[in-house]
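Asks: Okay, here's the structure, questions in a sec.
Please treat every number below as a calculation from the coordinates, not as lab data. Here the structure is a predicted model, which is why all the values come from computation and not from measurement. Backbone-built Cβ (ideal geometry, glycine too); neighbour counts: all protein chains shown.
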Protein chains: 4
Amino acid sequence: AAKSHIQLHGMQEGVTGLIRTSLDAKEFAYCPYSKFRVGAAVLTRDGKVFTGCNVENACHNLGICAERIAISKAVSEGYRDFKAIAIASDLSDQFISPCGGCRQFMREFGARWDVYMSKPDGSYVETTVDALLPQSFGPEDLQMKKVQRIPNEF
Amino acid sequence: AAKSHIQLHGMQEGVTGLIRTSLDAKEFAYCPYSKFRVGAAVLTRDGKVFTGCNVENACHNLGICAERIAISKAVSEGYRDFKAIAIASDLSDQFISPCGGCRQFMREFGARWDVYMSKPDGSYVETTVDALLPQSFGPEDLQMKKVQRIPNEF
Amino acid sequence: AAKSHIQLHGMQEGVTGLIRTSLDAKEFAYCPYSKFRVGAAVLTRDGKVFTGCNVENACHNLGICAERIAISKAVSEGYRDFKAIAIASDLSDQFISPCGGCRQFMREFGARWDVYMSKPDGSYVETTVDALLPQSFGPEDLQMKKVQRIPNEF
Amino acid sequence: AAKSHIQLHGMQEGVTGLIRTSLDAKEFAYCPYSKFRVGAAVLTRDGKVFTGCNVENACHNLGICAERIAISKAVSEGYRDFKAIAIASDLSDQFISPCGGCRQFMREFGARWDVYMSKPDGSYVETTVDALLPQSFGPEDLQMKKVQRIPNEF
Ligand SMILES: [Zn+2]
Ligand SMILES: [Zn+2]
Ligand SMILES: [Zn+2]
Ligand SMILES: [Zn+2]
């Protein structure tokens, strides 16, 4: 059966390379509404890198953030084990921070991996999914559910 | 013109009343897919309370969380200034925590207001939007944007 | 227990009243990003009307459309049986049409109810959920699922 | 700068190949909550194929559909011009139909391209974005907006 294979060439190692990759990914942003470009690059445990940019929609709430796209690309190719994600924007006076939706999306695949929030000059702040989403609610918590009664089923 | 008016009767004051209201709101949850009921009650600066429950969808990602619905109800009636939100679920072994999407939705209306995460017995943990979404990205930050170039406009 | 009760005053009967209500609802729109106001008013089988407006977010994809808020308000008060929804915007040269996400959200509660797409002058086009979302996928279809194997569970 | 390049090997031409690719893509679905696997494969005007599967989240509404991921992957690699998309699921008694959110997401990139809704045996129904989302609201329509006044800005 036909399959798509991703081949990464010349990926620079380390944080600097990952950030540079997220800055490059930003170039493909489709953001005619916000005109706010974001790029992301996620690094898997096996050293693969997947990139994403924001993809907006005329119905604004149907767009998707760069971070979620980068992670989804990895998952859709069979990778769910992540080491770090780098995020880039055009904000020069601020390290770009992921939205709450993206934090939760990252959290799905573990709370203990790194997040690099960068500026266009490549400088960055390092944090973790856990630090960005304290007291989070993840896949494990749904196992614990104790539903007492669900009277209004359809 | 026809308008809808919300009248709150017998709202108990204080945290206990807000949590009880969120527990009651949970009864209306439409959650045939997750069977995980959530209720929320948001208190405005002027003392009005708006409730919400989760409303799910056959396309799971089109559902809406209880917290976002409670806040949206308030906004759609002209209230955008919030003091606190209480959240309730059927989890008896855990204080129900808002998802990242809801934290960002709360953040839109300020970072310094209270969040009460409860258990079915009415016990709760108190925190703030700010504590739940550190290093957040809000409305103010978009003003700062310095877009360098947007080559791929439609 | 404390509960919120909605009291509708002077709701005009018929389509004209529902559209006027959706036009009024638009006034509360929180849309600092798109500056595109939308209002909605949903009529339940028992004659109750619930309104909504769009509520946007700095992270654009976390906003909620007016239609989904109006329906969620009804559901969160115990109403899931709908007769019609009216939608209003500031577009004077076009009848405002619901996005695909809202069509799916409507569809959850049945395919055979009416949608009135209006202009600011009160003129409108009448259609149905079914006509707006042909060959749709709803709650019933999930019952039919025949999952063969799910090898990649967590 | 480091970049990711997608190389497609042995992509079968025509509809049959695209559907087979969407069936293969389904294998990577991350759907611990719905256990409902979906795959998608989008074909660009230049003959590239990008695949997607559904990626779910503990907060159900933060998951992403297979179709939106396939399209986002293409956009994030610089492709926005689409010819067709194939969708696959495990439903043997029904041709899998895209949700309203995905229809709107497709619509962003044009109304006149093909959608193949398939069954696990490879049989399919052919339709178009336009037919699935009649009277749609797209990027062009936002240009027309005539905002009369936005009194409640932040
Ligand atoms: Zn985000
Ligand atoms: Zn939530
Ligand atoms: Zn909508
Ligand atoms: Zn979908």
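Asks: Let me know the mean shielding of B:42-50 by other chains, meaning the per-residue number of their Cβ atoms within 10 Å of its Cβ.
Replies: Rounded to a whole number, the mean comes out at 1.
Asks: Please average, across the residues of C:93-99, the number of beta carbons from any other chain that are within 10 Å of each residue's own beta carbon, and give a whole number.
Replies: Mean partner-chain Cβ count within 10 Å for C:93-99: 6.
Asks: Next question. Listed highest first by mean packing, meaning other Cβ atoms within 10 Å per residue, what order do D:58-71, D:114-127, A:74-87 come in?
Replies: Descending mean neighbour count gives D:58-71, A:74-87, D:114-127.
Asks: Now, a different point. Suppose we look only past 18 Å in the calculated P(r) of segment A:14-143. What percent of the Cα-Cα pairs does that tail hold?
Replies: Beyond 18 Å sits 49 percent of the P(r) for segment A:14-143.
Asks: Could you check the simple spin-label distance between D:Gln94 and B:Arg45, using points 7 Å along Cα→Cβ, in nm with one decimal?
Replies: 4.8
Asks: Taking amide hydrogens as modeled 1.01 Å from N in the peptide plane, which residues meet the under 5 Å criterion relative to B:Val115, leaving out close sequence neighbours?
Replies: Residues meeting the amide H criterion: B:Ile85, B:Thr127, B:Thr128, B:Val129.
Asks: Now, a different point. How shielded is A:70-82 by partner chains, expressed as the average number of their Cβ atoms within 10 Å of its Cβ atoms?
Replies: Across A:70-82, the average partner-chain Cβ count within 10 Å equals 6.
Asks: In whole angstrom, how far apart do the alpha carbon centroids of segment D:13-40 and segment A:20-80 sit?
Replies: 21
Asks: Given an 8 Å cut-off on Cα distances and at least 6 residues of separation, report the relative contact order of segment B:14-143 as a percent.
Replies: 21
Asks: Calculate the translational D of segment B:44-121 in whole µm² s⁻¹ from Stokes-Einstein, where the hydrodynamic radius comes from the Kirkwood formula applied to all Cα pairs, the temperature is 25 °C and the viscosity 0.890 mPa s.
Replies: Result for D is 187 µm²/s.
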